[in-house]
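*Asks:* I am attaching a structure below and will ask some questions about it afterwards.
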Amino acid sequence: MTVDASVTGRPKTLIGNYGIDVTMDKKKLEAFKKRLETRQQELRRTVTRNQADGRSADEDTAQDIADRAASSYTKEFLFSQSNNERQTLMMVDGALARIREGSFGECISCGKEINAKRLEAVPWTRHCIECQEKLEQGLLEEAPR
């Protein structure tokens with residue numbers, strides 16, 4: 001039985017290796033959406049705060065060399081942290097887009113269902129475990145976000 005996501009508004013997924021098409025429970029999908037939206041808001045606040053902190057890190061021009069070094073380190077640390085959070089924010093935005101498109105819960109590389117426990121742990125994940133391992137080993141080309 002194949003379920004068309006455009007008809008149901010919900011993504012189709014596969015159960016195990018049996019090839020049985022089912023749809024993700026609407027309640028579960030809504031719960032993922034709420035978690036992702038909450039995480040999206042948190043990340044946006046954090047990125048904005050880190051940018052402001054980074055700008056203020058070197059406002060005092062009357063610093064000695066040690067203060068400037070500490071300020072430079074702090075600024076670099078905040079930039080790195082902000083960059084990681086921006087990347088996570090892009091993945092969260094992508095997951096929300098996949099919910100709207102009806103493809104949430106499917107690996108973007110192979111199309112197989114992403115394990116429910118993996119989605120619970122990292123709802124913005126784009127790959128199943130197998131494809132993620134291939135990606136980390138350099139055996140899978142990174143898809144555009």
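The values are calculated or read from the model by the stated rules, or taken from the named source; none is laboratory data. Keep in mind the model is a prediction, meaning the values are calculated, not measured. To get the accessible areas, we keep the full protein, side chains included, count just its heavy atoms, and leave off ligands, DNA and RNA. Shrake-Rupley method; radii C 1.70, N 1.55, O 1.52, S 1.80 Å.
*Asks:* Whole number in Å², please: accessible area per residue of the range 74-140, 1.4 Å probe, ligands, DNA and RNA not counted.
*Replies:* Computed with neighbouring chains in place, this is 56 Å² per residue.
*Asks:* Under a 5 Å amide H to amide H cut-off, with H placed in plane at 1.01 Å, what residues pair with E106 once short-range neighbours are removed?
*Replies:* Long-range HN contacts for E106: I114.
*Asks:* Right, something else. Whenever you get a sec, compute what percent of the accessible area on the range 21-145 sits on carbon and sulfur atoms (1.4 Å probe).
*Replies:* Reported share for carbon and sulfur atoms: 49 percent.
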